[in-house]
Each structure stands twice: as C-alpha cells, then as structure tokens.
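Just so it is clear, none of the values below were taken in a lab; they were calculated from the coordinates. These figures come from a predicted structure and were not determined experimentally. When we count neighbours, we look across all protein chains shown, and the Cβ atoms used for this are built from the backbone with ideal geometry, even at glycine.
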Amino acid sequence: MSFNEVINKIISSMKDELKKDETIETLKNDILHPIVEQIFYIMYPYFIGISAIFIGVIILIFMILFLNIKICYSKFD
C-alpha cells in the first residue's frame with residue numbers, strides 16, 4: 001500500500017465521520033462555541049470603544065451642523 005492510498009483512506013474516513021450529526025454537535029459545543037465566546041470576551045471592550053467614538057462623532061457632526069445653521073440665519077446688526 002502506498003502512502004497516497006493511506007492518506008486518501010484517512011481523508012475519506014474523516015469526511016464520513018464529520019458528516020455524522022453527533023460529531024457535528026460535538027464540534028459545535030466543545031470546540032467552536034468556546035472559541036467564539038473567548039473571542040467575543042476579548043473583543044468586547046473594542047466594540048464598546050468603537051461604538052462610543054462613533055456616537056461621539058455623530059453628536060459632533062450634528063453640533064457643527066446646528067452651529068452653522070445658527071450662524072447662517074442669525075441677524076448681523
């Protein structure tokens with residue numbers, strides 16, 4: 001038996017095993033879910049910071065717009 005045949009049989013066996021519902025659920029619950037939770041736990045402060053900066057920029061845009069409108073329509077005596 002050649003090395004390529006062994007590799008092909010192993011890959012075929014892995015594909016068949018990964019198609020089983022039990023294996024898929026195990027992968028989701030024991031591997032993917034903890035990884036996603038850990039990534040979200042690490043990235044959470046960055047999401048908060050970016051959201052705060054975005055809201056601050058929006059508020060500044062509206063303040064500048066309001067001040068420009070106020071200057072344009074004020075009467076200069």
Rounded to the nearest 10 degrees, the helix 33-73 long axis (Cα) sits at an angle to the longest Cα principal axis of the chain of 20
Shape call for the stretch 3-73, from the Cα gyration tensor axes a ≥ b ≥ c (a/c under 1.5 means rounded, otherwise prolate when a/b beats b/c, else oblate), comes out prolate
So the angle from the long Cα axis of helix 3-18 to the longest Cα principal axis of the chain, reported in degrees to the nearest 10, equals 60
Taking r as the C-beta separation of residue 68 and residue 40 and R0 as 35 Å, the FRET efficiency to the nearest 0.05 is 0.30
